[in-house]
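Below is one structure; the comments refer to it alone.
The values are calculated or read from the model by the stated rules, or taken from the named source; none is laboratory data. Worth saying up front: this structure is predicted, and the values here are computed from it rather than measured. Please note: Cβ atoms are built from the backbone with ideal geometry, for glycine as well, and neighbour counts cover all protein chains shown. Please note that ligands, DNA and RNA were not included when accessible areas were found on the heavy atoms of the full protein model with its side chains. Shrake-Rupley method; radii C 1.70, N 1.55, O 1.52, S 1.80 Å.
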Protein chains: 2
Amino acid sequence: MSRPIIFGEIEGISEGKWFEGRKEMMPTSFHRQWGSGIDGNTKDGVSAIVLSGGYEDDEDNGEEIIYTGAGGNDPKSRKQIEDQSWTNRRNAGLLKSQNEGIPVRVIRGYTHKSPFSPKSGYTYAGLYSIIDSWEEIGRSGFKICRYRLLYIGNNSTKQERAEEIELKLSTAESKRKEGVILRIIRDSKVAHDIKKLYQFKCQVCQFEVPTKVGSYAEGAHIRPLGKPHNGHDSSDNLLCLCPNHHVMLDKGSFSITDDLKFVGALSGDLFTLANHKINLENLKYHRESHGYN
Amino acid sequence: MSRPIIFGEIEGISEGKWFEGRKEMMPTSFHRQWGSGIDGNTKDGVSAIVLSGGYEDDEDNGEEIIYTGAGGNDPKSRKQIEDQSWTNRRNAGLLKSQNEGIPVRVIRGYTHKSPFSPKSGYTYAGLYSIIDSWEEIGRSGFKICRYRLLYIGNNSTKQERAEEIELKLSTAESKRKEGVILRIIRDSKVAHDIKKLYQFKCQVCQFEVPTKVGSYAEGAHIRPLGKPHNGHDSSDNLLCLCPNHHVMLDKGSFSITDDLKFVGALSGDLFTLANHKINLENLKYHRESHGYN
């Protein structure tokens with residue numbers, strides 16, 4: 001009976017598309033819930049949310065949204081009447097989407113509180129990424145779960161664009177008279193698959209970074225993406241690592257031989273599963289670019 | 001006899017300033033070396049470099065520079081005649097600056113190879129940040145140490161600018177149909193001081209992430225900077241952490257009581273030094289925003 005959850009873009013539904021009501025969103029899995037603004041759960045993460053003024057603490061700044069989790073809300077007065085909880089499956093699902101870099105479809109319904117809302121019905125506002133979460137006491141005096149979402153658009157473009165922005169970011173940051181260590185972890189579909197394969201356990205130390213919902217790991221490219229290295233975003237160039245060993249791999253503190261043994265600051269063997277083949281050319285590139293010959 | 005090394009801006013020397021020769025740069029510590037293009041060493045890091053076409057593999061793309069390390073270069077032919085080494089104190093100093101997010105002053109001397117160079121003499125090109133390093137075989141067939149530098153400017157501006165760019169970055173990235181986990185580690189002077197105080201050892205696990213030159217650690221803000229948290233970039237709001245425990249702190253996997261004990265996914269005590277006072281209000285904010293009450 002229930003339709004499958006689908007993440008990211010849905011064929012035939014572009015940003016800006018208008019819907020008369022919630023029912024029209026359901027057949028395509030665009031937003032499958034009738035009774036809840038949040039489509040998703042603890043296990044899968046969240047694929048879509050509706051913003052329609054239903055929570056008094058929501059803030060819609062266009063490209064930035066401060067969103068309130070589910071629960072404790074009186075549907076008539078739209079006020080909080082009890083505390084929200086992180087164990088609520090909608091709220092835990094939003095945390096999971098944050099941890100794993102899963103993009104969320106944002107749908108705006110009419111509300112007088114947002115200049116970005118449609119005059120009636122609903123519009124698709126595009127994909128957003130959840131970049132922060134915390135709890136606080138809302139206007140009504142009850143605990144609310146909070147999320148900060150940033151617009152990430154729905155069109156594909158080139159890697160060069162990202163490089164350009166990386167440059168600008170680093171520029172703007174350091175104009176604040178600070179050094180900046182910038183770490184962009186690109187959590188593509190293939191990286192996500194590798195992390196899932198290893199159940200978010202580091203292939204070096206087997207540690208899994210615990211969070212409120214499941215574990216956190218990073219997809220680490222053996223041969224780096226981007227100029228001048230030009231590595232591929234493919235499973236044969238990816239490892240599932242904890243942040244510490246990701247930093248060490250990127251800095252060349254250790255490297256890996258063709259028989260998957262560590263050289264440098266680590267000893268022992270890389271943990272790999274039989275169905276995860278690593279391209280030896282990538283290991284060679286990493287060794288050579290960090291002086292392990 | 002030797003002048004002190006100074007990092008970042010030097011009073012009275014703005015971007016674009018022209019120098020007739022290298023000697024004019026020495027009295028202010030702007031660039032203290034007569035015989036080397038790189039001013040700095042393994043212990044301190046590098047404060048300034050000169051780009052003047054002396055290394056055949058250098059690439060000057062304006063806001064991006066691919067720089068070659070020191071050594072193995074024949075001053076007459078300007079060709080590599082032997083391998084470069086990471087243990088060379090200039091090259092190790094550049095790695096240290098990369099690790100610690102130390103900004104580097106870039107000075108351009110005349111060379112026909114760069115459209116950005118002055119017609120004669122030298123100009124100050126502003127502050128750059130070293131964001132990558134690796135080794136490769138150069139045009140002459142010898143090993144060279146390589147660094148990628150990005151322009152970071154020399155004017156101060158507002159935090160909002162960084163936030164805006166963060167938003168754009170996240171936009172551009174995900175237009176590539178990927179999730180992105182963005183981690184910007186702001187390595188300000190005060191964060192750097194805290195890391196130095198703890199000798200780059202994590203205050204949770206005492207691990208220090210090894211690199212080719214010394215250890216790597218991150219300055220972690222207890223109450224986050226930026227909207228909506230508005231924490232301060234001050235020592236009483238900073239911890240020296242390894243990347244794993246930084247992620248866990250930011251995600252609220254654990255928090256810290258007023259008597260500096262862990263709650264949540266960790267147990268035990270935070271390691272602190274007597275001369276590092278933590279503001280208990282910041283700990284309270286962290287506990288409350290992650291549900292440890």
- [ ] Being more than 14 Å from chain A (Cβ to nearest Cβ) and either over 26 Å from B:Ile137 (Cβ atoms) or in contact with a helix residue (DSSP H, G or I) (Cβ under 6 Å, 6 or more places away or on another chain) (or both) is the filter here, so list the residues in the range B:83-107 that pass it.
- [x] B:Ile107
- [ ] Give the number of residues within the range B:13-51 that are part of a loop (DSSP other than H, G, I, E, B) and open to solvent by 30 Å² or more (accessible area, probe 1.4 Å).
- [x] 16
Task: Selection from the range B:220-234 of residues that are out of contact with any Phe, Trp or Tyr (no Cβ under 8 Å at 6 or more places or on another chain), closer than 22 Å to B:Tyr198 by Cα and open to solvent by 50 Å² or more (accessible area, probe 1.4 Å) - done: B:His232, B:Asp233
Open item on the list: Between A:Lys261, A:Lys277, A:Lys251, which is touching a strand residue (DSSP E or B) at 6+ places or on another chain (Cβ under 6 Å) and charged (D, E, K, R)?
Closed with: A:Lys261
Open item on the list: Which numbered condition in (1) farther than 16 Å from A:Phe7 by Cα; (2) at pLDDT below 85 is the only one that A:Ile102 fails?
Closed with: (1)
Open item on the list: So for the range A:249-270 (the condition being part of a helix (DSSP H, G or I) and closer than 20 Å to A:Ala191 by Cβ), does at least one residue qualify?
Closed with: yes
Task: Every residue from the range A:139-156 that is at pLDDT below 90, in a loop (DSSP other than H, G, I, E, B) and surrounded by 15 or more Cβ atoms within 10 Å (Cβ to Cβ) - done: A:Ser140, A:Ile152, A:Gly153, A:Asn154
- [ ] Would you mention how many residues in the range A:239-271 are more than 14 Å from chain B (Cβ to nearest Cβ) and either under 25 Å from the mean Cα position of the chain (by Cα) or among the aromatic types (Phe, Trp, Tyr) (or both)?
- [x] 2
Task: Failed condition for B:Ala220, given (1) in contact with a helix residue (DSSP H, G or I) (Cβ under 6 Å, 6 or more places away or on another chain); (2) in contact (Cβ under 8 Å) with a residue 40 or more places away in the chain; (3) under 30 Å from A:Asp60 (Cα atoms) - done: (2)
Open item on the list: Go through the range A:80-99 and report how many residues are modelled with pLDDT of 90 or more and polar (S, T, N, Q).
Closed with: 5
Open item on the list: Just to verify a result, which residue in the range A:272-291, among those that are free of Cβ contacts under 8 Å to residues at least 60 places away in the same chain and open to solvent by 50 Å² or more (accessible area, probe 1.4 Å), is nearest to the other protein chains (Cβ to nearest Cβ)?
Closed with: A:Glu288
- [ ] Within the range A:87-115, track down each residue that is open to solvent by 30 Å² or more (accessible area, probe 1.4 Å) and over 14 Å from A:Gly40 (Cα atoms).
- [x] A:Tyr110, A:His112, A:Lys113, A:Pro115
- [ ] Kindly indicate whether B:Asp193 is part of a helix (DSSP H, G or I) and either touching a Lys or Arg at 6+ places or on another chain (Cβ under 8 Å) or more than 29 Å from A:Ile130 (Cα to Cα) (or both).
- [x] yes
TODO: For B:Tyr122, work out the one condition from (1) modelled with pLDDT of 90 or more; (2) under 27 Å from A:Ser253 (Cβ atoms); (3) open to solvent by 10 Å² or more (accessible area, probe 1.4 Å) it doesn't fulfil.
DONE: (2)
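One line per residue, one yes/no per condition, for (1) at pLDDT 90 or above; (2) among the hydroxyl-bearing types (Ser, Thr, Tyr):
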| residue | (1), (2) |
| --- | --- |
| B:Ile49 | yes, no |
| B:Ser52 | no, yes |
| B:Tyr55 | no, yes |
| B:Arg78 | no, no |
